[in-house]
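One structure is given below, encoded as structure tokens.
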Amino acid sequence: MFIQTESTPNPATLKFLPGQTVLEAGTADFPSAEAAGKSPLAQRIFAVGGVTGVFFGNDFVTVTKDDAVEWDHIKPAVLGAVMEHYQSGQPVIDEGGQQASGHAEHSGEDGEIVNQIKELLDSRVRPAVAQDGGDITFHGFDRGVVYLHMQGACAGCPSSTLTLKMGIENLLRHYIPEVTEVRPVAV
């Protein structure tokens with residue numbers, strides 16, 4: 001098994017490409033070791049000292065490290081954990097585990113606007129941020145303000161504010177006049 005790695009715009013996050021499907025559908029975010037309970041793969045990765053977050057996409061695993069640790073010191077151990085997992089035959093996520101995290105549900109009079117927002121996020125934004133090892137999902141819409149949840153490499157990325165304001169906000173405002181602002185939200 002050959003696992004490729006790619007850097008992300010977030011220097012604390014590295015993208016691991018195992019060359020096979022990680023998740024059939026959706027994404028899974030494990031912002032702490034405690035959150036990894038239903039994922040044998042995430043548990044193995046968190047066992048590596050210095051790992052602070054794990055995120056799964058369709059064909060990648062994004063790992064975030066503590067700033068006090070250098071990638072040169074933990075990258076081999078993370079590669080070993082991913083390889084060990086795939087050789088074990090265990091599932092990435094146990095049945096009934098957290099998976100396919102996506103957009104929050106929205107009910108109310110802004111349903112049509114919210115559907116347009118989700119459609120633009122799915123068609124234009126999410127594929128681009130997946131390339132960087134992350135995901136951005138809809139969290140809410142209130143009086144012109146869109147609230148988005150950033151995951152994986154996007155969470156805590158130094159350029160995430162610029163991405164939100166200059167990229168996503170401009171895109172949504174262009175196509176949906178009712179949108180006035182985009183703000184990040186921590187879940």
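Laboratory data are not the source of any read-out in this text; all were calculated from the coordinates shown. Every value quoted in this text rests on a predicted model; they were computed, and no experiment measured them. In this analysis, Cβ positions are derived from the backbone assuming ideal geometry, glycine residues included, and neighbour counts consider all displayed protein chains.
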Can you give me the angle between helix 111-120 and the longest principal axis of the chain, using Cα atoms only, in degrees from 0 to 90, rounded to the nearest 10? 50 degrees
Quick check for me: using +1 on Lys/Arg Cβ and -1 on Asp/Glu Cβ, what's the dipole size of the chain about its Cα centre, in debye to the nearest 20? 340 debye
So which residue, out of Tyr147, Tyr86, Tyr175, gets the largest mean-square fluctuation from a GNM of the chain using Cα contacts under 10 Å as springs? Tyr175
Rounded to the nearest 20 debye, what is the charge dipole size of the range 4-88 about its Cα centre when +1 sits on each Lys and Arg Cβ and -1 on each Asp and Glu Cβ? 140 debye
Quick one: work out Rg over Rh on the C-alpha atoms of the range 4-88, Rh as Kirkwood radius. 0.92
Over the chain, what lengths in whole Å, largest first, do the semi-axes of the equivalent ellipsoid take, defined as the square roots of 5 times the eigenvalues of the alpha-carbon gyration tensor? 31, 17, 13
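Rounded to the nearest 500 deg cm²/dmol, what is the calculated helix-only ellipticity per residue at 222 nm for the chain, with -39500 (n - 2.57) per DSSP H run of length n ≥ 4?
On the way: 5 runs with 47 residues, N = 187.
-7000 deg cm²/dmol, from helical runs alone.
Consider all pairwise Cα distances in the range 94-185 and report the whole-number % of them above 17 Å.
Here the long-distance tail beyond 17 Å is 46 percent of all Cα pairs in the range 94-185.
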Given a Förster radius of 22 Å and the C-beta distance between Ser7 and Ala68 as r, what FRET efficiency does 1/(1 + (r/R0)^6) yield to the nearest 0.05? 0.70
